[in-house]
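Here's the structure we're looking at; comments come further down.
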Amino acid sequence: MSLLRLDRLSRNQKLALLAVALGLGALVLGGPRPGKIVLDERELAAIVEGEVDHVTPDELADWIVAGRQDYRLIDLRTAAEFAEYHIPQAENVAITALVDSDLARNEKIVLYSAEGIHSAQAWFLLKAKEFPAVYILLGGLKQWTEQVVFPEAPGESAGPVERIAFAKAAERAKFFGGASRAAAVAGPSTASAAPGGVGASGASAPTLPKVVPPPAPAPGGAAAKKKKEGC
Amino acid sequence: MNAPFFKFGLFGDEASLIVAFVIGIGFGFFLERAGFGSAKKLTDQFYFRDMAVFRVMFTAIVTAMLGLFYLAAVGWVDLSLVYIQPTYLWPQIVGGLLLGIGFIVGGYCPGTSLVALATGKLDALVFVAGVFAGIFAIGEVWPSITGFTESSNLGRLTLPEVLHLPMGLVVFLVVLMAVGGFWGAGVLERRFAASAAKEEK
Amino acid sequence: MSSDSHDVRRAPAPYMNPYLAGIGLGLVLLGSFVVMGRGLGASGAFSSACAVAIDAVAPAHAQGNPFWRDYLTSGVGHPLKEFLVFEVLGVLVGGFLSGLLAGRVRRTVEKGPRISIGGRFAWAFVGGALMGIGAKLARGCTSGQALTGGALLSAGGWAFMMMVFAGGYGAAWMMRRQWL
């Protein structure tokens, strides 16, 4: 067969063999992502201990007020809970839907749930899938409500720094449809686990404000910036 | 994993334009190396005289496909962040047909016409003018034909998904198909008494 | 064969082995995937340029047509500061460079022996127009859809690629006078 004339075709034949070998390798590997998830326990433990994976409600509130669009806020609760109230800019994704969602590894992701347990579990899930920038809202929606929407006034003995911080928080609370509340008197702890309740002492428990269209700048700007990547 | 580098913020939009320019240089360079700045060489493909178009195209596809697969397999590239155009099945079928006809009628495709232009071919200049005319024409009527142009949008759809086969198997099959095709191309060339000896050093 | 040979400086070098050229092209494509997370293209740059030209002449009309407006609102601050436009400029430079190195830069008209230059120009224009239309319908041309889409195993890309070959072979008999 003229094909086997090595002086003319051996290089091409070698290339063909190389291609087929690599193809076989691909066949053996099966898929581009390894099937097993490999976790570096030490690295994860170090992250948890260093608390670099947290975002405080304070920080998140400032981001929202500043109109930052460089992160995705994920609400892990049920659709009903989400409809009743959610933090502005949040998207409702159940833990089970997290795996198939369109979250990408080059995005900054902030997770929150009612108190923090589900968000911690979801954090672990995403970290296992090698998402590098996943954060948990410290304290969940409960702490969000207490610190941002209904910030508590400092006590009598508070210094000027605390008072200034509170003044800022009180202003910011209005942005989110909330209001500041009076300092808690000694006695029944406001941190008691009243389910869903905010527990301000002395006054009836304030209900969370109705969901209004996000006061932050319209996301139209961000959507329009989506680059054309076609040809 | 921190690739694709641009998607992970390694550099910004302005720098990406420089990257685009450099990539383009490589693209144009190898197109010309292969002889695709010549309409005669390109169209010889469709008379079975010179199967270079088929060889170059499929070698490039296999090279990039294997490279990407292995880089993703070792976790160096996040495949989900590499942009795949959505599949608009019928517009792409009709468009492909028009493109194929345009190829043999005009002698170039948009990319190769630029390479030909850069190496002095006057017919490439006319071809480029024609491309602009065609784009102008369809751009003007586009809003009234969106019924067709936006039809059969299947989204980001890959062959492994369509065939319900693991990606590695599809990759392997593509490699086999390409290698088999190269062998067959050689057979066709010899049958049509091509001047194939010219292109091999 | 070709019409103008007064500036031939040396005999043109033979073309590169197609498999090696293909590997080179494939590596460039792979580089684009790894660095940019996208593939190659060409027709998009033509569209951007066309949109800009229309906008310069009839801005209200351009802005009113969503097809043009889409191209006019892309890019880094200006529709021409766009990935494909810069890539296409690179293609011109790279093609010229390779041609220069190989002694293949020459003002000429590529055509078969049985057709006139005028006839060739007419077909080149028509072919280009068909290409422009087809590329927009398919959202890409051979560089974008066939090469890039092919390497990424995109279903639409492969369907497109097969149709391109079908169209080319299908119309080859009709166009034989231009090339053979």
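Looking at region B:149-166, which of the residues that are in a helix (DSSP H, G or I) and touching a Phe, Trp or Tyr at 6+ places or on another chain (Cβ under 7 Å) is modelled with the lowest pLDDT?
Initial filter on region B:149-166 (in a helix (DSSP H, G or I)): B:149, B:159-163.
Still in the running and touching a Phe, Trp or Tyr at 6+ places or on another chain (Cβ under 7 Å): B:149, B:159.
Working: B:Thr149: 92, B:Leu159: 96.
Restricting to residues being in a helix (DSSP H, G or I) and touching a Phe, Trp or Tyr at 6+ places or on another chain (Cβ under 7 Å), the top hit is B:Thr149.
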Does C:Ala58 count as within 22 Å of B:Gly134 (Cβ to Cβ) and more than 7 Å from chain B (Cβ to nearest Cβ)? yes
Just give me the residues in region B:21-50 being surrounded by 24 or more Cβ atoms within 10 Å (Cβ to Cβ) and in a loop (DSSP other than H, G, I, E, B), in sequence order. B:Ala34, B:Gly35, B:Phe36, B:Gly37, B:Ser38, B:Asp50
State which residue pairs qualify: first residue surrounded by fewer than 13 Cβ atoms within 10 Å (Cβ to Cβ) and inside region C:113-133, second residue assigned to a helix (DSSP H, G or I) in any location, beta carbons under 6 Å apart, and separation of 6 or more residues or different chains. C:Arg114/C:Arg177
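Residues to consider are C:Val57, C:Val52; find the one that is in contact with a Leu (Cβ under 8 Å, 6 or more places away or on another chain) and on the phi < 0 side of the Ramachandran plot.
Working: C:Val57 fails: in contact with a Leu (Cβ under 8 Å, 6 or more places away or on another chain).
Of C:Val57, C:Val52, the one residue that is in contact with a Leu (Cβ under 8 Å, 6 or more places away or on another chain) and on the phi < 0 side of the Ramachandran plot is C:Val52.
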Of all the residues that make up region B:51-74, how many are more than 7 Å from every other protein chain (Cβ to nearest Cβ), surrounded by fewer than 23 Cβ atoms within 10 Å (Cβ to Cβ) and more than 13 Å from the chain's Cα centre (by Cα)? 2
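For every residue, the table says whether it meets (1) part of a helix (DSSP H, G or I); (2) surrounded by fewer than 19 Cβ atoms within 10 Å (Cβ to Cβ); (3) free of Cβ contacts under 8 Å to residues at least 12 places away in the same chain.
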{"residue": "C:Tyr19", "(1), (2), (3)": "yes, no, yes"}
{"residue": "C:Gly22", "(1), (2), (3)": "yes, no, yes"}
{"residue": "C:Gly26", "(1), (2), (3)": "yes, no, no"}
{"residue": "C:Leu29", "(1), (2), (3)": "yes, no, no"}
{"residue": "C:Gly41", "(1), (2), (3)": "no, no, no"}
{"residue": "C:Ala45", "(1), (2), (3)": "yes, no, no"}
{"residue": "C:Ser48", "(1), (2), (3)": "yes, no, no"}
{"residue": "C:Ala53", "(1), (2), (3)": "yes, yes, yes"}
{"residue": "C:Ala62", "(1), (2), (3)": "yes, no, yes"}
Going through region B:75-93 in order, the residues found to be farther than 16 Å from C:Gly144 by Cα and either free of Cβ contacts under 8 Å to residues at least 40 places away in the same chain or at the interface with chain C (Cβ under 7 Å from one of its Cβ atoms) (or both) are B:Val77, B:Leu79, B:Ser80, B:Leu81
Where in region A:52-159 are the helices (runs of 4 or more DSSP H), entirely inside, with at least 2 residues that are over 11 Å from the mean Cα position of the chain (by Cα) and surrounded by fewer than 15 Cβ atoms within 10 Å (Cβ to Cβ)? A:57-65, A:79-84, A:95-98, A:117-128
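What number of residues within region A:105-126 are of a type in the set (Asp, Glu) and touching a Gly at 6+ places or on another chain (Cβ under 9 Å)?
Filtering region A:105-126 down to residues of a type in the set (Asp, Glu) leaves A:107, A:115.
Those left that are additionally touching a Gly at 6+ places or on another chain (Cβ under 9 Å): A:115.
Of the residues in that region, 1 qualify.
Among the residues in region B:135-155, are any of a type in the set (D, E, K, R) and either in contact (Cβ under 8 Å) with a residue 60 or more places away in the chain or more than 10 Å from chain C (Cβ to nearest Cβ) (or both)? Spell out how you get there, then give the answer.
Filtering region B:135-155 down to residues of a type in the set (D, E, K, R) leaves B:140, B:150.
From what's left, either in contact (Cβ under 8 Å) with a residue 60 or more places away in the chain or more than 10 Å from chain C (Cβ to nearest Cβ) (or both): B:150.
The answer is yes; a qualifying residue exists.
The values are calculated or read from the model by the stated rules, or taken from the named source; none is laboratory data. Because the structure is predicted, anything quoted here is derived from the model rather than measured. Backbone-built Cβ (ideal geometry, glycine too); neighbour counts: all protein chains shown.
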